[in-house]
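Peer 1: Quick one: the structure is below, and I'll ask about it shortly.
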Amino acid sequence: MTAVEEPGRIVLLTASHRVAPGLLSWPAWETLRGADLVLCPDAGHPQLPYLREAGVEAELSAPDARELVETCAGGRTVVVLVSGEGDRRLTDGLARLAGSGRVSMPNLELLPGSYDLPGARLLDLVQVMDRIRRECPWSSQQTHKGLAKYALEEAYELVEAVEEGDRDELREELGDVLLQVVFHARIAEEDAEEPFSVDDVAGGIVEKLIHRHPHVFGSERADTPEEVAEHWRRMKAVEKQRASVTDGVPLGQPALALAAKLSSRARTAGLAVPLPSGEGVGYRLLALAVEAEAAGADPEAALRAAARAYREAIRATE
C-alpha cells in the first residue's frame, strides 16, 4: 500500500508597518520557531533583525508559487515573511495552482503577526506630511500665517457638513481639519528657537484632557453634564489664572458667535452686566445674540440655518 505524502503547510506571515518591528503575537513567534524554513524575499524587511536576535534564521529568497509548494514536500512548514504591501505575485500564483486541480497543494494559512492599533493610520498621515513638506515645492514654502486662512475655511466646511448631516462629507472635512493640525505641527518642527512636533501637540492635549476630567481619571465624581461643566470651568480657571472672564475669547471669530461667547462667560461667572445702549443694527444684533445664548440657542447656527432657507428661496425665485 502506497504511503500518502504529507501535504505540508505554507504560512504567509504579515505584520503591520505601523507597529514597532519585533512586536509580534505569540502565535506568530510559535510558528516562526517551529517552522522548518523561514523565507524572506526582502533583505530590508524590518522584522529580520529581530528574528535573528530571537534565534530564528530567515533565508533571503523569493520563490515563485510552484517552487514554494515543492519546498513543502514531505510535510514541511514554510513561513514566508510578507511585506506590508503584500506579495501579489506569490498569492496570485498560489491561487492559480490551487485552482488548476493538477497540483497537490499544501495547507495555506495567512497569519497576522501584528494588528494596527486604533489611531495607527495617524502615523501614516505624519509620515506623508513629512515627505510632502520636504519634497513639494508649494508645501515646503508654507508658513503658519500663510496657512491660517485654510484652517478657517476647513473649520467652516466641517460645521456645514455637521449641520447638513452628510456622513461622507463629515468624514472628509474632519480629515481636512486634521491635515491643518498636522501641517502646522510639521512646520513648527523647523522653528529655530521654539520647535515642537505633532507629538508635543498630542501630548499637551492628552495632559489637558486628563487634568480636566478628574471624574474619569481621578477620584472626583460627576453624574450630570452640568457637574462635568463645573469641573471643566474650575480646572480651567486654575490653569489660566485670568484677570477677566473675557480673557481668551478670540475677537476674530464671527460677530454673532463672539457676542454669544461673551454673554456665556458673563452669565457663567454670575455677572449681571447691562447691555451697552446705542443706535444701529449692531446693538440690536447684540441683544438678540445675548437673548439666544441665554435661551440655550446658538445664534450663529440659527442665522446660518435661516440664511440657507433664504438661499433656497432665492433659487426658487430664479
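The values are calculated or read from the model by the stated rules, or taken from the named source; none is laboratory data. Worth saying up front: this structure is predicted, and the values here are computed from it rather than measured. Neighbour counts run over all protein chains shown; Cβ positions are idealised from the backbone, glycine included. Heads up: the accessible areas ignore ligands, DNA and RNA and are worked out on the full protein's heavy atoms, side chains in. Shrake-Rupley method; radii C 1.70, N 1.55, O 1.52, S 1.80 Å.
Peer 1: Scan (1) modelled with pLDDT of 95 or more; (2) in a helix (DSSP H, G or I) for the single condition Glu67 breaks and write down its number.
Peer 2: (1)
Peer 1: Follow-up question, since we're still on this one. State all residues of region 4-53 that are under 13 Å from Ser83 (Cα atoms) and either among the hydrophobic types (A, V, I, L, M, F, W, C) or free of Cβ contacts under 8 Å to residues at least 24 places away in the same chain (or both); if no residue qualifies, say none.
Peer 2: Within region 4-53, Leu12, Leu13, Ala15, Leu39, Cys40, Ala43, Gly44, Leu48 qualify.
Peer 1: Inspect all residues belonging to region 272-282 and state whether any of them is open to solvent by less than 50 Å² (accessible area, probe 1.4 Å), of a type outside the set (Val, Ile, Thr), in a loop (DSSP other than H, G, I, E, B) and over 26 Å from Ala151 (Cβ atoms).
Peer 2: Looking through region 272-282, at least one residue is open to solvent by less than 50 Å² (accessible area, probe 1.4 Å), of a type outside the set (Val, Ile, Thr), in a loop (DSSP other than H, G, I, E, B) and over 26 Å from Ala151 (Cβ atoms).
Peer 1: So which of Val56, Val11 ends up being in a loop (DSSP other than H, G, I, E, B) and crowded, with 16+ Cβ neighbours inside 10 Å?
Peer 2: Selected residue: Val56, the only one of Val56, Val11 that is in a loop (DSSP other than H, G, I, E, B) and crowded, with 16+ Cβ neighbours inside 10 Å.
Peer 1: Which members of region 18-31 meet the condition of being closer than 30 Å to Leu122 by Cα and not basic (Lys, Arg)?
Peer 2: Here is the first cut: in region 18-31, the residues closer than 30 Å to Leu122 by Cα are 18-29.
Listed by number, the residues that qualify are Val19, Ala20, Pro21, Gly22, Leu23, Leu24, Ser25, Trp26, Pro27, Ala28, Trp29.
Peer 1: Right, something else. When only residues in region 127-141 that are in a helix (DSSP H, G or I), open to solvent by 90 Å² or more (accessible area, probe 1.4 Å) and modelled with pLDDT of 95 or more count, which is farthest from Ala185 (Cα to Cα)?
Peer 2: Of everything passing the filter in region 127-141, Glu135 is farthest from Ala185 (Cα to Cα).
Peer 1: Turning to a different aspect of this structure: So for region 250-257 (the condition being closer than 18 Å to Leu288 by Cα and either in a loop (DSSP other than H, G, I, E, B) or in contact with a strand residue (DSSP E or B) (Cβ under 8 Å, 6 or more places away or on another chain) (or both)), does at least one residue qualify?
Peer 2: Checking region 250-257: at least one residue is closer than 18 Å to Leu288 by Cα and either in a loop (DSSP other than H, G, I, E, B) or in contact with a strand residue (DSSP E or B) (Cβ under 8 Å, 6 or more places away or on another chain) (or both).
Peer 1: Can you give me the number of residues within region 142-154 that are within 16 Å of Ile132 (Cβ to Cβ) and either among the β-branched types (Val, Ile, Thr) or open to solvent by 90 Å² or more (accessible area, probe 1.4 Å) (or both)?
Peer 2: Total meeting the criteria: 1.
Peer 1: If you take the residues in region 85-104 that are within 17 Å of Val11 (Cβ to Cβ) and either at pLDDT below 85 or open to solvent by less than 40 Å² (accessible area, probe 1.4 Å) (or both), which one is nearest to the chain's Cα centre (by Cα)?
Peer 2: The extreme case among them is Gly86.
Peer 1: Looking only at region 155-170, how many residues end up being under 16 Å from Gly252 (Cβ atoms) and either open to solvent by 100 Å² or more (accessible area, probe 1.4 Å) or touching a Leu at 6+ places or on another chain (Cβ under 9 Å) (or both)?
Peer 2: Result for region 155-170: 1.
Peer 1: Further question on the same structure: Among the helices (runs of 4 or more DSSP H) confined wholly to region 171-242, which include 3 or more residues that are touching a residue at least 12 places away in the same chain (Cβ under 8 Å) and surrounded by 11 or more Cβ atoms within 10 Å (Cβ to Cβ)?
Peer 2: Per the criteria, 198-211, 225-240.
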